[in-house]
Amino acid sequence: MRYSEVVKAYAEIEHTTSRQRIGDLLAALIARTPPEVLGRLVYLTQGKLYPDFVGVEMGLAERLALRAVARALDASEEQVRKNLAATGDLGATAEQVLRRKGHRARRPLSVGEVYERLDRLARSAGPGAQGQKIELLRELVGDASPEEARYLVRTATGKLRLGVADMTLLDVLAMVYAGGKQARPVIERAYNLTSDLGLVATELAEGGLERLAALKPQPGRPIRPMLAQRLGSPSEIMQRMGGACAAEYKYDGERVQVHRLADGQVAIFSRRIEDITHQYPDVLESVRKHLRPRSAIFEGEVVAVEPGTGELRPFQELMHRKRKHRVQEAIEAYPVALVAFDLLYADSVDYTPHPYPKRRAVLSKAIESTPSLCLATQEVVRSAETLERFFLKAVADGAEGVVCKNVSEHATYRAGAREWLWIKYKREYVSAMADTVDLVVVGALHGRGRRGGTFGSLLLAAYDPEADVFRAVTKCGSGFSDQDLQQDLPRRLEPLELPHRHPRVDSRLVPDVWFVPEVVIEVIGAEITLSPTHTAALGQFRPGSGLAIRFPRFTGRYRDDKRPEDATTVAELAEMYRRQLRQLPQ
Ligand code: AMP
């Protein structure tokens, strides 16, 4: 198939705004395309060479493409730049200048050849790659007609932008190859299972709907994730779920789909179907060690956790980690855990048509639970009251709410769909801790990385007047300025350092240094939660757990005006916690 034919269709598509007309033009183009190049044509039409998860990007920098175009046109870069300023589009510039020069295609280009040459361009890497890319584009533009050059340059710079959506292409494929809209569900299912439009088009063209219907998940090919609906109250949820559901903690992190191939290779895909394997070498390691099936596809949430205790940390911590360039450093500063919540495939069995309880049962056997890889906390509930109680527990443990899952036999895994089989219920109504608290500094942990040589975080305690002790409630590492870290804190705290815990301090967490309880600072937190790490009001709300302040932040105020016995008391914190619970939705 000639590339010039494709380009003619692109030019028409570009000049229409009617979706119907775009569909018709595409249908005509696809109908003329031989099956063996259809896949490549589909990628090219979307301005790429592969499905997104493959991670081969075309995006040649415009600066380099400009040089290539100038060389191909035998023009100066300055000339090309001037024209570009007028058109705003390097593709149009290339076309115009070539036309002006009376340039003609050296020879007809086929779609297959164009694809291959663009692929070479996209893949050239390493030293000398820039020069190579420029040269490849120069040759390609030189061989092309002015009109072809327009689209080649746009494609090479990642700016084809015909605006053809995945869904439009699915419609068109149904129309051309399967007799119309009634075939759409089968085609869409195939797309949801493979995330690869080129593959779907080729399989359909070569093997018909039957071939598509028989497609199975395959490790290495990401599946489009199932999504959740939302409702505002436990009673509505229970009604929708028909009286019973599996309630799970809603973890606030990054959703991932983990694939282990039969050859042992592990890949991690994001919710947007991008390959993010390289971001989580620590997760890879625990999957390698603790996942039992040889090949599998499962889903979970990567969450930031407190080193040592494994308590959940806020989403922002995970974002901090993702922004770090040195992965090893990031792993140490922001440890994560992978909390698994669904299983789609294991050892040649496709579990997507199985009901959720079955998938969860297989998942729980597939994973050897460790602090770095574990199962989402779950409880099967049968009343709005039990759901509410579970929700409160989830929030107290640092989750952002719950995801309720249908447990009927119809509750299959619906790839790419937002349906009522999953319903989320979040703690959006809960206001932040209304008041600041004044806490006593009883210990500190050494800083790491940028904070090396100073305090990384302070162990803070509330006062318990009955026992006359200070009970730890939180570890606070934010809100401190450089001046605080380098001068104000050391000046106050160094004279109070102790080699062991002060007898009036009660803490399960053991810091790097202890202090005489003396310095009082003002702190604001997001909320008060229950935690097994801290000892204030231990056992009062839940056996084995005390009260803790979540996401504490130093306000900048040293309460030198307060004695440690004037700090916020454990009873006051307990009262704040009760008030907070009353604010939760009924
Ligand atoms: P949302 O992103 O707000 O639509 O909520 C659904 C998201 O919750 C999923 O995409 C997951 O990233 C996340 N999530 C956290 N915990 C769970 C869980 N136990 N089951 C399913 N999804 C979960």
Study note, to complete from the structure: Per the 1/(1 + (r/R0)^6) rule, R0 = 60 Å and r from the Cβ atoms of residue 124 and residue 236, FRET efficiency to 0.05 is 0.60
Review point. Which of the lysines could a cross-linker bridge to residue 324, judged by Cα under 24 Å and excluding same-chain residues fewer than eight apart?
Key: 475
Point to revise | Gain upon complete extension [residue 369, residue 86; 0.36 nm per residue less C-alpha separation] | key: 95.8 nm
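I need the calculated FRET efficiency for the pair residue 332 and residue 76, taking r as the beta carbon distance and R₀ as 45 Å, to the nearest 0.05.
In this case the efficiency is close to 0.30.
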Check your understanding: Does the range 499-555 come out rounded, prolate or oblate by the C-alpha gyration tensor, with a ≥ b ≥ c the root eigenvalues, rounded set by a/c under 1.5 and, if not, prolate when a/b is larger than b/c and oblate if not?
Key -> oblate
Check your understanding: If the cut-off is a Cα-Cα distance under 17 Å, which aspartates and glutamates reach residue 82, setting aside same-chain residues fewer than 8 apart in sequence?
Key -> 62, 74, 95
Exercise for review: Run down the lysines and flag those whose C-alpha is under 17 Å from the C-alpha of residue 393, throwing out any fewer than 8 positions away in its chain.
Suggested key: 250, 424, 426
Review point. Any idea how far the Cα center of the range 120-154 sits from the one of the range 242-264, in Å?
Key: 42 Å
Revision key, fill the gap. Everything considered on the Cα gyration tensor (a ≥ b ≥ c; rounded for a/c under 1.5, else prolate if a/b is larger than b/c, else oblate), the range 270-420 must be described as oblate
**Study point:** Listed peptides 353-362, 210-219 by packing density, highest first (mean Cβ within 10 Å)
**Key:** 353-362, 210-219
Review point. Given only helices, namely DSSP H runs of n ≥ 4 each adding -39500 (n - 2.57), what is the per-residue ellipticity at 222 nm of the chain, to the nearest 500 deg cm²/dmol?
Key: -12000 deg cm²/dmol
Exercise for review: Provide the net charge surrounding residue 60, with neighbours chosen by a C-beta distance below 11 Å and charges set as Lys +1, Arg +1, Asp -1, Glu -1.
Suggested key: +3
Revision key, fill the gap. Rounded to the nearest whole number, the per residue volume of the convex hull around the C-alpha atoms of the chain in Å³ is 195 Å³
Exercise for review: Report, in whole Å, the centroid distance computed from the Cα atoms of the range 331-399 and the range 533-549.
Suggested key: 25 Å
Practice item. Give the peptides 221-229, 39-47 in descending order of average Cβ contacts within 10 Å, highest first. Key: 39-47, 221-229
Review point. Exposure proxy check: 241, 319 ranked by fewest other beta carbons within 10 Å?
Key: 319, 241
Review point. Fewest to most neighbouring Cβ within 10 Å: what's the order for 476, 404, 245, 374?
Key: 374, 476, 245, 404
Review point. Could the peptides 382-394, 104-116 be put in order, highest first, of the mean number of other beta-carbon atoms found within 10 Å of their residues?
Key: 382-394, 104-116
Check your understanding: Got a sec to turn the phi values of the range 25-36 into Karplus ³J(HN,Hα) couplings, 6.51 cos²θ - 1.76 cosθ + 1.60 with θ = phi - 60°, whole Hz, x for Gly and Pro?
Key -> 4, 5, 4, 5, 5, 5, 5, 8, 8, x, x, 6
Revision key, fill the gap. By the C-alpha gyration tensor axes a ≥ b ≥ c (rounded if a/c is under 1.5, else prolate when a/b exceeds b/c, else oblate), the shape of the range 3-156 is oblate
Check your understanding: So if R0 is 45 Å, what FRET efficiency would residue 261 and residue 518 give, r being the distance between their Cβ atoms, rounded to the nearest 0.05?
Key -> 0.20
Study note, to complete from the structure: Scoring the range 437-583 by relative contact order with C-alpha pairs under 8 Å, at least six apart, yields a percentage of 28 percent
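Just so you know, all these numbers are worked out from the coordinates, no wet-lab data involved. The model shown is predicted, which means the values in this text are computed figures rather than measured ones. Reconstructed Cβ throughout: ideal geometry from the backbone, glycine too, with neighbour counts over all protein chains shown.
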